[in-house]
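In what follows, a single structure is set out as structure tokens and then discussed.
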Amino acid sequence: MNETEIIDLVREAILLTIKVSAPVMIVGLVVGVSIALVQALTQIQEVTLVFVPKILAIFLALFFFFPMMTALLVEFTKMLADRIVGGG
């Protein structure tokens, strides 16, 4: 493996990490901002109020997006195994 192939492989791994984590992170961001907006509108300034809804939303997002995440990881693993077996 030369430097170009290694850089391409690392780039693909970083993009895969973004693709796998983005849906869950976006759900957490949307729920957090929504609850912060409700807190600002109602003037309820409880710090711990954000955690339970955000955790539930993230678990639901993981449950919903898990098949897509698994498919992406399996595809990347197969591509990596093919490169190893094929010698590059």
Please specify each residue of region 1-30 satisfying the condition of being surrounded by 11 or more Cβ atoms within 10 Å (Cβ to Cβ) and farther than 25 Å from Ala71 by Cβ. Met1
Take region 41-88 and flag every residue that is in contact (Cβ under 8 Å) with a residue 12 or more places away in the chain and β-branched (Val, Ile, Thr). Val50, Ile58
Arg11 of a type in the set (Lys, Arg) and out of contact with any helix residue (DSSP H, G or I) (no Cβ under 9 Å at 6 or more places or on another chain): yes
Can you confirm whether Ile84 is modelled with pLDDT under 90, assigned to a helix (DSSP H, G or I), surrounded by fewer than 12 Cβ atoms within 10 Å (Cβ to Cβ) and of a type in the set (A, V, I, L, M)? yes
In this structure, does Thr17 turn out to be within 12 Å of the chain's Cα centre (by Cα) and polar (S, T, N, Q)? yes
Residue match in region 40-60 (condition: touching an Asp or Glu at 6+ places or on another chain (Cβ under 8 Å), part of a helix (DSSP H, G or I) and modelled with pLDDT of 90 or more): no
Hey, among Phe76, Phe63, which residue is aromatic (Phe, Trp, Tyr) and either out of contact with any helix residue (DSSP H, G or I) (no Cβ under 7 Å at 6 or more places or on another chain) or not in a helix (DSSP H, G or I) (or both)? Phe63
Which residue pairs have Cβ atoms closer than 8 Å, lie 6 or more positions apart in sequence or on different chains, and pair a first residue in region 1-26 that is in contact (Cβ under 8 Å) with a residue 60 or more places away in the chain and farther than 29 Å from Leu60 by Cα with a second residue that is loosely packed, with under 11 Cβ neighbours inside 10 Å and of a type outside the set (Lys, Arg)? Met1/Gly88; Glu5/Gly88
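The values are calculated or read from the model by the stated rules, or taken from the named source; none is laboratory data. What you see is a predicted model, and the numbers here were worked out from it, not measured in a lab. Note: ideal-geometry Cβ built from the backbone for every residue, glycine included; neighbour counts use all protein chains shown.
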